[in-house]
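Only one structure is covered here, and it is reproduced in the block below.
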Amino acid sequence: MFIINITYKTELENIDQHLEEHIDFLNEQYAIKNFIASGKKIPRTGGIILAIMDSKTELENIIEKDPFKKHELADYELIEFVPSKTIEELKFLIEK
């Protein structure tokens, strides 16, 4: 599992010009169950995505399709972790 920490490197005006495309990208990844949660940071300096992927390389290839990445609007930090404790509804995240 990965936390994707997105940090904008441009003004929000530029981000907002590509926001609809970014949301379409997110929706595609949700549809194929690569992403399980996402949202903006407060203050609005970027966003966070939780991704269920087996491979960092595969995730890096997916991120290349994000309009924020394609237009060089944001930096991406990938943090891999293995959940060891969750609430009951998220038990599927714990590796066996």
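I'd like to know if segment 8-18 contains one or more residues that are β-branched (Val, Ile, Thr) and free of Cβ contacts under 8 Å to residues at least 60 places away in the same chain.
yes
Taken together, the residues in segment 1-19 that are touching a helix residue (DSSP H, G or I) at 6+ places or on another chain (Cβ under 8 Å) and either closer than 28 Å to Thr86 by Cα or in a helix (DSSP H, G or I) (or both) amount to 5.
When restricted to residues that are surrounded by fewer than 16 Cβ atoms within 10 Å (Cβ to Cβ) and either of a type in the set (A, V, I, L, M, F, W, C) or more than 19 Å from Leu50 (Cβ to Cβ) (or both), segment 1-13 contains 6.
Just a yes or no: is a residue in segment 60-80 of a type in the set (Ser, Thr, Tyr) and in contact (Cβ under 8 Å) with a residue 60 or more places away in the chain?
The first filter runs over segment 60-80 and keeps only residues of a type in the set (Ser, Thr, Tyr), leaving 76.
Narrowing the set further to residues that are in contact (Cβ under 8 Å) with a residue 60 or more places away in the chain leaves 76.
Checked segment 60-80: at least one residue is of a type in the set (Ser, Thr, Tyr) and in contact (Cβ under 8 Å) with a residue 60 or more places away in the chain.
Which of the residues that make up segment 60-96 are closer than 23 Å to Thr10 by Cβ, touching a Phe, Trp or Tyr at 6+ places or on another chain (Cβ under 7 Å) and not small (Gly, Ala, Ser)? Residues satisfying the conditions are Ile63, Lys65, Asp66, Pro67, Lys69, Leu73, Leu78, Ile79.
Of all the listed residues (Leu59, Leu78, Leu50, Leu90), the sole one being farther than 19 Å from Ile6 by Cβ and among the aliphatic types (A, V, I, L, M) is Leu90.
No lab work stands behind these numbers, since they all come straight from the coordinates. Here the structure is a predicted model, which means the values were calculated and not measured. No Cβ is skipped: glycine too gets one built from the backbone with ideal geometry, and neighbour counts run over all protein chains shown.
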